[in-house]
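Undergrad: This is the structure I have questions about; it appears just below.
Rule-based calculations on the coordinates, nothing more; no lab input. Note that the structure is a prediction, hence the values are computed from the model and not measured. Positions of Cβ are generated from backbone atoms using ideal geometry, with glycine treated the same way; all protein chains shown enter the neighbour counts.
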Ligand code: AP5
Ligand code: MG
């Protein structure tokens with residue numbers, strides 16, 4: 001089961017990918033999470049990635065493709081994986097197909113919520129600095145304010161969730177990632193899910209597609 005979550009910033013890729021990974025027992029691989037972990041650890045990759053992420057731009061393909069190809073070659077990914085935030089350019093999609101002969105069994109897109117809706121989702125998002133779990137103060141609140149249900153870690157706003165950076169991320173999405181919708185449509189592997197619905201309803205729709 002090889003799944004790509006394709007959707008705009010705030011579409012709910014991470015939220016749904018975590019649930020898919022838990023239900024189907026496959027690893028959740030998020031390039032955004034990998035970069036954020038590297039930033040936290042102060043690695044060379046983290047330093048390079050941060051410069052692009054803070055501006056809402058994409059990290060260059062040459063820093064991204066090898067990382068993912070390497071990750072999906074690990075034994076825990078042998079029976080499948082859910083990719084969240086990769087590919088997001090045509091060269092990234094080509095790297096994936098060329099190297100691993102990837103069959104995409106499900107792709108999530110989202111009827112793009114209006115800008116205000118996305119800013120509202122991002123503004124209310126809280127991410128755990130310990131385990132990376134994400135919440136929303138209104139739509140998916142933790143049991144105790146600013147404390148992670150899973151590991152007890154502190155919940156914080158993401159650096160790139162300021163409204164002006166969100167606007168930039170959205171325009172980058174339209175220019176560089178949206179063309180992948182056609183790319184995967186042509187390959188006949190695209191399944192669209194309406195990401196504006198309640199979180200649990202979106203997940204039920206995904207399970208209908210992937211099988212119970
Ligand atoms: P990344 O971390 O991938 O961010 P993104 O694509 O901008 O998407 P988000 O994580 O913001 O949104 P999401 O769709 O995961 O939404 P979520 O589920 O959290 O990338 C960050 C940066 O890293 C990029 O800008 C780039 O610089 C770099 N990068 C990463 N991958 C790269 C690549 N392949 N190539 C180059 N650069 C790369 O939901 C959002 C909020 O809404 C949450 O609070 C959630 O609780 C809530 N929510 C979710 N679903 C619903 C719902 N149905 N109803 C109500 N609320 C909901
Ligand atoms: Mg995400």
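Undergrad: Length gain on complete extension for the stretch residue 41 to residue 55, per 0.36 nm per residue less the alpha carbon to alpha carbon distance?
TA: Between residue 41 and residue 55, full extension yields 3.0 nm more.
Undergrad: Where does the chain land on the Kirkwood hydrodynamic radius, alpha-carbon pairs, in angstrom?
TA: On the way: mean 1/r = 0.0571 Å⁻¹.
When all Cα pairs of the chain are included, the Kirkwood radius is 17.5 Å.
Undergrad: For the chain, set up a GNM with springs between Cα atoms under 10 Å and report which of 73, 171, 30 has the largest fluctuation.
TA: Of 73, 171, 30, the most mobile in the Gaussian network model is 73.
Undergrad: Considering Cα pairs under 8 angstrom that are at least six residues apart, work out the relative contact order of segment 25-85 and quote it in whole percent.
TA: Once divided by the residue count of segment 25-85, the mean separation gives 52 percent.
Undergrad: Here's something else I'd like to know. Which FRET efficiency value, to the nearest 0.05, do you get for residue 194 and residue 1 by plugging their Cβ-Cβ distance into 1/(1 + (r/R0)^6) with R0 = 22 Å?
TA: Efficiency for this residue pair is about 0.55.
Undergrad: Taking the alpha-carbon centroid of each part, what is the distance from segment 187-203 to segment 1-77 in angstrom?
TA: Between the Cα centre of segment 187-203 and that of segment 1-77, the gap is 20 Å.
Undergrad: Antiparallel versus total DSSP beta bridges in the chain: what percent is that, nearest 5?
TA: Percentage antiparallel, nearest 5: 45.
Undergrad: Can you give me the P(r) profile for segment 105-212? Cα pairs, bins 10 angstrom wide beginning at 0, each as a whole percent.
TA: Reading upward from the zero bin: 13, 33, 38, 15, 1.
Undergrad: Could I ask something else about it? Counting alpha carbon pairs within less than 8 Å and at least 6 residues apart, what relative contact order, in whole percent, applies to the chain?
TA: RCO, the chain: 29 percent.
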